[in-house]
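In what follows, a single structure is set out as structure tokens and then discussed.
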Amino acid sequence: MSAILPTPGDAAPTTRSPGVWRSAWMRLRQDRVGMVSLAVVCAFVLLILASALGLVAGDWQREIGVPYAPPTMLGPDRAQTQQIIETPKGPPIDLSDVDPLAPRYAEWKERAAKFQTTEIHKADTLPLGGDRLGRNVLAKAIKGAQISIFVGVFAALLATLIGTVLGAVGGYAGGRTGDFLEWVYNVFTSIPDILLIFAFAAVFGRGIETVVLILGLAGWTGMYRQVRAEYMKHRTREYVRAAEAIGVSHLARMFVHILPNASHVILVRLSLLVVGFIKAEVILSFLGLGVPVEQVSWGTMLAEANVELILGKWWQLAAATAFMATFVTAFSLLTDALRDALDPKLR
């Protein structure tokens, strides 16, 4: 049986190598810790979307339990008992000389009895306990996740936008433009971050949008430094020189050719900023410079728990800390996995 030999005209089979993002996804799927962290982060995203649509935690302001209702696993608080005050027995006391309205009390009592009253039953226990007003701590933690994560993500996007644009211009242009942007960078980094945040908070006031603006304006310096270094490294590469030779504009070279090659640094730095800004929002709200009092976040819950701990009511602190620690830990581990998956040296 003769072997079939390829003829000179036959084309050799070609295999197409996976792209950058597909290769990174394949590497991420092999990381079990990264995939578990991705699942936790996705669960939080679905939770805050449901909260924003009012499907869950829409009634977090309702007082559905008794004040400081303990968690269900602890059972009702036996110390919350009604005190019955016994009056000494004896002949009825005539209060007409003391209170001129005393003769009309009986008439008012009969008229009030004609109206139908509805008794509101408040729960003695709640799944994760209640606060000083009897509001559900679990609903507050879910609603607080919506606001805290919203602030962290959008503040990180704003800081990434500012840092990427300025870093791209400074690293690509160089010269006087680069020196001026470097001077602006040095001015911002010479001031401690916490003092800069407090200064912006004193100027702009309180509010969710204000917190996003404050953190975005104060946190772009790290992104600027890394993007500027990447652009200084790539601006002399062969593919950039080739684009210049065929007449590609400066903007196209900056944001079409160089930016995709620096995207792994930007993405990893963005994820780090999200974690850092969530912590910053908690600190601002804890100090009274964050979200307004009529809204709730993990920071406001910790501020309330600071007073409740004196009374031995620890469950609001535990709920806010558990939610925040779970999300921040999962997001940090996902960041490490993304860094390993996108690092060209590990491919």
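Considering only segment 222-237, I want to know if a residue exists there that is more than 21 Å from residue 342 (Cβ to Cβ) and surrounded by fewer than 17 Cβ atoms within 10 Å (Cβ to Cβ). Checked segment 222-237: at least one residue is more than 21 Å from residue 342 (Cβ to Cβ) and surrounded by fewer than 17 Cβ atoms within 10 Å (Cβ to Cβ).
Residue count for segment 272-303, restricted to those that are buried (at least 22 other Cβ atoms within 10 Å of the Cβ) and in a helix (DSSP H, G or I): 13.
Quick check on this structure: which one of 267, 272 is touching a Ser or Thr at 6+ places or on another chain (Cβ under 7 Å) and more than 22 Å from residue 139 (Cα to Cα)? Break it down stepwise before answering.
Details: 267 fails: touching a Ser or Thr at 6+ places or on another chain (Cβ under 7 Å).
Every option except 272 fails the conditions.
Checking each residue in segment 288-325 for being farther than 21 Å from residue 74 by Cβ and among the aromatic types (Phe, Trp, Tyr) picks out only 298.
Output the residues belonging to segment 23-53 that are more than 23 Å from residue 324 (Cα to Cα), polar (S, T, N, Q) and in a helix (DSSP H, G or I). Give the steps one after another, and end with the answer.
Keep residues of segment 23-53 that are more than 23 Å from residue 324 (Cα to Cα), which gives 23-31.
Cutting the leftovers down to polar (S, T, N, Q) gives us 23, 30.
Correct list: 23 only.
I need the full set of residues from segment 295-334 which are over 18 Å from the mean Cα position of the chain (by Cα) and of a type outside the set (S, T, N, Q), in order please. Correct list: 304, 305, 307, 308, 309, 310, 311, 312, 313, 314, 315.
Sort out which residues of segment 197-225 are under 24 Å from residue 168 (Cα atoms) and part of a helix (DSSP H, G or I), and write them in order of number. Passing the criteria: 212, 213, 214, 215, 216, 217, 218, 221, 222, 223, 224, 225. Screening residue 186 with (1) buried (at least 22 other Cβ atoms within 10 Å of the Cβ); (2) at pLDDT 90 or above; (3) not small (Gly, Ala, Ser) gives one miss only, at (1). Among all residues of segment 112-132, there is at least one that is part of a loop (DSSP other than H, G, I, E, B), at pLDDT below 75 and either of a type in the set (Phe, Trp, Tyr) or in contact with a helix residue (DSSP H, G or I) (Cβ under 6 Å, 6 or more places away or on another chain) (or both).
Condition first: within 30 Å of residue 72 (Cβ to Cβ) and surrounded by fewer than 24 Cβ atoms within 10 Å (Cβ to Cβ). Now tell me which residues in segment 146-160 satisfy that. First the steps, then the outcome.
At the first step, the residues of segment 146-160 found to be within 30 Å of residue 72 (Cβ to Cβ) are 146-150.
If the condition is that a residue be within 30 Å of residue 72 (Cβ to Cβ) and surrounded by fewer than 24 Cβ atoms within 10 Å (Cβ to Cβ), then 146, 150 are the ones that fit.
The single residue among 178, 163, 170 that is of a type in the set (Gly, Ala, Ser), surrounded by 22 or more Cβ atoms within 10 Å (Cβ to Cβ) and over 30 Å from residue 292 (Cβ atoms) turns out to be 170. The number of residues in segment 133-185 being more than 25 Å from residue 233 (Cα to Cα) and not in a strand (DSSP E or B) comes to 21.
The values are calculated or read from the model by the stated rules, or taken from the named source; none is laboratory data. Values in this document were obtained by computation on a predicted structure and should not be read as measured data. Methodologically, a virtual Cβ is constructed for each residue, glycine included, from the backbone with ideal geometry; neighbour enumeration extends over all protein chains shown.
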